[in-house]
Amino acid sequence: MSALFSPIALRGLTLPNRIMVAPMCQYSAVNGEANDWHFTHINTFALSGAAMFCIEATHVEAIGRITPGCLGLYNDATEAALKPILASVRKHSKIAVAMQLAHAGRKASSHTPWDGGQLIPIAEGGWQPEGPSAVPHKEGEAAPLALDAPGLVRVRDAFVAAARRADRLGIDALEVHSAHGYLLHQFLSPISNKRTDQYGGSLQNRMRYPLEVFDAVRAAFPDHKPVGVKVSATDWVDGGWDLVQTIEYAKELKKRGVDWIDVSSGGVSPLQKIPLGPGYQVPLAQAVKQATGVTTMAVGLITEAQQAEDIIASGKADMVALARGMLYDPRWGWHAAAELGGHVDAPPQYWRSQPSTQKALFGATTFGTR
Ligand SMILES: Cc1cc2nc3c(=O)[nH]c(=O)nc-3n(C[C@H](O)[C@H](O)[C@H](O)COP(=O)(O)O)c2cc1C
């Protein structure tokens, strides 16, 4: 019996296996609106064998987009654009669909990665980013505006409005993005948060705004649907956000009913030194799980079926999330199930692909012709 292919319950949502397609920005939206690229992309991964697909960082305000091509959910047009995509997914797949709600904060107004990923100055068509403090991400860059009290309320309310729109679209779960150096992580990290009010200084104060946003999103989304949080467990910079603080944050989130913590790292400082290697963030997920008992997802260079199986079977994490490995092999879940003796749902149009040695891969299937 494969641990990776055993079910797990996240609040009212029961998943048939422990695999999530990690959120991945596609930088292909126009005015925050999804289009044919997202249709193809999301429908492809709906047939990946993963139990849950998490829609890319979906920004709650236009100025909170990382790039001009980032996805949004902040008006009727952005909501309407996602509707036919979700309808298609529901028609052909049983995958659960989560959405990552995000705000880029001071990392907004960036070029797409394939155009270099750097700040787009206002004079070149960019916009004014806002963050916890007027401290730029990179030395020499124009500083963001520090959010004032009405600004904090506006952004929190934008998260709430997006959560309501997501529910209306039939999204099964939300992941609040507080990782990778974006707005909520910027509040957590002493590197980006230099505030002197109740949102800066002590750990308690730095956690205050992300926790307020979590509470507001949790309250706006139906009770039976799960809400998780993605964290950067460390900035990989001395004097920055670290694992000890992450565990305190996870404990606070647990008290507030968080359904999972997706444990990533880095993103707040260009000075970070990340020790990359297979499963390099798994020990961080394990530490969060051990210290808090919260359901955790491990993410980061998990590419092999047996590697994922070992992470779950050894109790280091409760789920795995895969990004690049999925892009490379969009049927990763099928191949992992074949290797580990699991089952996946497949659409009848593809049943004949079942390997002759794997007669139960797609469960009970029959196929006749004459
Ligand atoms: C193309 C691409 C886009 C990404 N966009 C997001 C995103 O929208 N939100 C997020 O939290 N992480 C994002 N990530 C990070 C992944 O979710 C994941 O945490 C990271 O890539 C490590 O996992 P991997 O080694 O399986 O790729 C992105 C990664 C890639 C490769």
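The values are calculated or read from the model by the stated rules, or taken from the named source; none is laboratory data. Note that the structure is a prediction, hence the values are computed from the model and not measured. With ideal geometry, Cβ positions are generated from the backbone for all residues, glycine too; neighbour counts draw on all protein chains shown. Quick note on the areas: whole protein, heavy atoms, side chains included, nothing else; ligands and nucleic acids left out. Shrake-Rupley method; radii C 1.70, N 1.55, O 1.52, S 1.80 Å.
Values of log10 I(q)/I(0) for region 230-370 across q = 0.19, 0.20 Å⁻¹ run -1.07, -1.14, by the Debye formula with one identical scatterer at each alpha carbon and no solvent. Taking amide H positions as modeled 1.01 Å from N, with prolines and chain starts lacking one, the residues under 5 Å from Val176 and 5 or more places away or on another chain are Leu101, Gly228, Val229, Lys230.
Annotation for region 137-231: GluC sites (Glu not before Pro) lying in DSSP loop with at most 16 further Cβ atoms inside 10 Å of their Cβ are Glu139, Glu141. I'd like the antiparallel share, as a percent to the nearest 5, of DSSP beta bridges with both residues in the chain. If we restrict to bridges inside the chain, about 10 percent are antiparallel. Ligands, DNA and RNA excluded, the heavy atoms of Tyr74 present near 50 Å² of accessible surface to a 1.4 Å solvent probe. Compared with the direct C-alpha span, the chain from Ala134 to Arg154 gains 5.4 nm at full extension, assuming 0.36 nm per residue. Full extension of the chain segment joining Ala219 with Arg370 gains 48.8 nm, where the gain is 0.36 nm per residue of separation less the Cα-Cα distance. Computed FRET efficiency, Cβ-Cβ of Gln204 and Asp36, R0 41 Å: what is it to the nearest 0.05? Once the sixth-power term is evaluated, E becomes 0.30.
Rounded, prolate or oblate: pick one for region 1-85, where a ≥ b ≥ c are the square roots of the eigenvalues of its C-alpha gyration tensor, a/c under 1.5 means rounded, and failing that, prolate if a/b is larger than b/c, else oblate. Prolate, because a/c is 1.5 or more and a/b exceeds b/c.
With R₀ set to 45 Å, the beta-carbon distance separating Ala360 from Ile274 gives a calculated FRET efficiency near 0.65. Seen against the Cα atoms of the chain and their longest principal axis, helix 149-168 is set at about 10 degrees. The separation of region 166-192 from region 11-64, counted between C-alpha centres, amounts to 14 Å.
Averaging 1/r over every pair of different alpha carbons in the chain and inverting the result gives a Kirkwood radius of 20.8 Å.
The phi-based Karplus calculation (6.51 cos²θ - 1.76 cosθ + 1.60; θ = phi - 60°) puts the 3J(HN,Hα) values of region 119-126 at 4, 8, x, 4, 5, 10, x, x Hz, whole numbers, x for Gly and Pro. Counting heavy atoms of the protein chains alone, Asp223 has an accessible area of about 120 Å² for a 1.4 Å probe. Of the solvent-accessible surface of the chain, computed with a 1.4 Å probe over protein heavy atoms with every protein chain present, carbon and sulfur atoms account for 54 percent.
Between helix 282-292 and the chain there is an angle of about 80 degrees, using the helix long axis and the longest principal axis of the Cα atoms. Tell me, what is the FRET efficiency for Leu145 and Arg168 to the nearest 0.05, using R0 = 51 angstrom and their Cβ-Cβ distance as r? It comes out at approximately 0.95.
Of the whole protein surface, Glu79 contributes about 30 Å² of accessible area at a 1.4 Å probe radius. His335 label point, 7 Å along Cα→Cβ, cut-off 17 Å on backbone N: hits in region 37-64? It comes to 44-51, nothing else.
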